[in-house]
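The values are calculated or read from the model by the stated rules, or taken from the named source; none is laboratory data. It should be emphasised that the depicted structure is a prediction, and the values quoted were computed from it without experimental measurement. Note that we place each Cβ from the backbone using ideal geometry, even for glycine, and neighbour counts take in every protein chain shown.
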Amino acid sequence: MSSEAKGSADLLNIMSVDVEDWFHILDVRPVPGVDRWDTFESRVERNLLLLLDAFDRHGVQVTCFFLGWVAERFPHLVRTAAARGHEIASHGHLHGLIYRDTREAFAQDIRRSRSVLEDIAQKPVLGYRAPGFSIVKSTPWAFQELVEAGYRYDSSIFPAARGHGGLAGARIDPHRLSTASGSLLEFPISVTSFLGQRVCFFGGGYLRLFPSWLVQRMARAVNKDGRPVIYYVHPREIDSHQPRLPMAPSRRFKSYVNLATTAGKLDAIMRSQRLTSFQRWIDDNGAAIGVGPDG
């Protein structure tokens, strides 16, 4: 059964993949610099193809936020994802935290990644997600730069406290952001109230940490609030045999906890929920938030 045929009473939720390799973990010392990335064994091809096969089995089309650096080295992965019906979007080019960058460097990075992806996919790239959800209070200019670079939507706001990034108190529903250069549709990462706090259950270490039944329960709470759940996963998160980077015990736990459970949790989500890409969600639901199929 395809995802579109499941549970007509349920909202259409969004599945996304941040396409990066196992050594692209942020804010850890010593993390290899970009000048050393080519010296490491890459596992992104194997892991992304496994994810794409899983999506095929469930008839789910997703959004793949490709790191430009990965796309340049594995252009066939971009073409394969696009040929299977998935949306190609940008995760930036060099996976740097935006609040540690200059505005000019950020503008160059997002333009470079979009150009690379459009050249490979031969179709427009409309969406962007910041590495580490690192658009924060000190970088409001990022949204204007995204508009000027040609992006139509963004999914970079993490509306709760987190280790890096995070905009506690930000809006939690899809909405329009106005900038001096035009508007941008924002899809904040899904959070819901848990023990009096905003908590994410739906991607990265959060999805791996929490049991499947709780993730499903919290997804229903988000849908009951009238919002789509936005799921995100990295290819490395289905790879329990990946190399480990040296890091402090607490960060090691966050980075590697429950890797062996990710694939099963994704299968359970795809069996029980209606899932789609950002662009298809906009096409089907955009009128409710002031945007039509053409943006």
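Only one entry in ARG217, ARG227 is out of contact with any helix residue (DSSP H, G or I) (no Cβ under 7 Å at 6 or more places or on another chain), touching a residue at least 24 places away in the same chain (Cβ under 8 Å) and closer than 30 Å to TYR153 by Cα, namely ARG227.
Suppose the filter is over 17 Å from PHE133 (Cβ atoms), in contact with a Ser or Thr (Cβ under 9 Å, 6 or more places away or on another chain) and either modelled with pLDDT of 90 or more or surrounded by 17 or more Cβ atoms within 10 Å (Cβ to Cβ) (or both); does ASP56 pass it? For ASP56, the condition - over 17 Å from PHE133 (Cβ atoms), in contact with a Ser or Thr (Cβ under 9 Å, 6 or more places away or on another chain) and either modelled with pLDDT of 90 or more or surrounded by 17 or more Cβ atoms within 10 Å (Cβ to Cβ) (or both) - is not met.
Looking across segment 214-242 at every residue that is of a type in the set (S, T, N, Q) and closer than 19 Å to HIS24 by Cβ, the one that is surrounded by the fewest Cβ atoms within 10 Å (Cβ to Cβ) is identified as SER240.
Among the candidates ARG217, ARG162, ARG198, ARG176, the residue that is farther than 29 Å from THR80 by Cα and assigned to a loop (DSSP other than H, G, I, E, B) is uniquely ARG162.
Please go through segment 89-116 and pick out each residue that is touching a strand residue (DSSP E or B) at 6+ places or on another chain (Cβ under 6 Å) and among the aliphatic types (A, V, I, L, M). Explain how you work it out, then say what you get.
Taking segment 89-116 first, the residues touching a strand residue (DSSP E or B) at 6+ places or on another chain (Cβ under 6 Å) are 89-91, 113-114.
If the condition is that a residue be touching a strand residue (DSSP E or B) at 6+ places or on another chain (Cβ under 6 Å) and among the aliphatic types (A, V, I, L, M), then ALA89 is the only one that fits.
If you check ALA268, ALA287 for being farther than 18 Å from GLU20 by Cα, assigned to a helix (DSSP H, G or I), modelled with pLDDT of 95 or more and aliphatic (A, V, I, L, M), only one passes: ALA268.
Per the listing PHE65, PHE106, the residue uniquely among the aromatic types (Phe, Trp, Tyr), in contact with a helix residue (DSSP H, G or I) (Cβ under 6 Å, 6 or more places away or on another chain) and on the phi < 0 side of the Ramachandran plot is PHE106.
Every residue in segment 135-155 that is touching a residue at least 40 places away in the same chain (Cβ under 8 Å) and either in a loop (DSSP other than H, G, I, E, B) or in contact with a helix residue (DSSP H, G or I) (Cβ under 7 Å, 6 or more places away or on another chain) (or both), please. Walk me through it before giving the result.
Taking segment 135-155 first, the residues touching a residue at least 40 places away in the same chain (Cβ under 8 Å) are 139, 142-143, 145, 148-149, 151-153, 155.
Correct list: THR139, ALA142, GLU145, ALA149, TYR151, ARG152, TYR153, SER155.
All conditions in (1) in a loop (DSSP other than H, G, I, E, B); (2) touching a residue at least 24 places away in the same chain (Cβ under 8 Å) hold for LEU185, with the sole exception of (1).
Just to be sure, is ASP267 in contact (Cβ under 8 Å) with a residue 60 or more places away in the chain, surrounded by fewer than 21 Cβ atoms within 10 Å (Cβ to Cβ) and not small (Gly, Ala, Ser)? Considered against the rule, which asks whether it is in contact (Cβ under 8 Å) with a residue 60 or more places away in the chain, surrounded by fewer than 21 Cβ atoms within 10 Å (Cβ to Cβ) and not small (Gly, Ala, Ser), ASP267 comes out as yes. Given (1) more than 18 Å from LEU48 (Cβ to Cβ); (2) touching a helix residue (DSSP H, G or I) at 6+ places or on another chain (Cβ under 7 Å); (3) surrounded by 13 or more Cβ atoms within 10 Å (Cβ to Cβ), identify the lone condition not met by LEU245. Just one mismatch for LEU245, condition (2). Scanning segment 234-257 for residues that are among the polar types (S, T, N, Q) and free of Cβ contacts under 8 Å to residues at least 12 places away in the same chain turns up just one, SER250.
Looking only at segment 97-114, decide whether some residue is in contact (Cβ under 8 Å) with a residue 60 or more places away in the chain and either under 18 Å from the mean Cα position of the chain (by Cα) or surrounded by fewer than 18 Cβ atoms within 10 Å (Cβ to Cβ) (or both). Don't jump to the end; show me each part of the working.
Step one: of segment 97-114, the residues in contact (Cβ under 8 Å) with a residue 60 or more places away in the chain are 97, 99.
Cutting the leftovers down to either under 18 Å from the mean Cα position of the chain (by Cα) or surrounded by fewer than 18 Cβ atoms within 10 Å (Cβ to Cβ) (or both) gives us 97, 99.
The answer is yes; a qualifying residue exists.
Got at least one residue in segment 127-138 being over 24 Å from GLY205 (Cβ atoms) and not small (Gly, Ala, Ser)? Within segment 127-138, none of the residues are over 24 Å from GLY205 (Cβ atoms) and not small (Gly, Ala, Ser). When segment 120-170 is examined, which residues are found to be out of contact with any Gly (no Cβ under 6 Å at 6 or more places or on another chain) and of a type in the set (Ser, Thr, Tyr)? Residues satisfying the conditions are TYR128, SER138, THR139, TYR151, SER155, SER156. Residues in segment 178-213 that are surrounded by 16 or more Cβ atoms within 10 Å (Cβ to Cβ) and in contact with an Asp or Glu (Cβ under 9 Å, 6 or more places away or on another chain): 12 in all.
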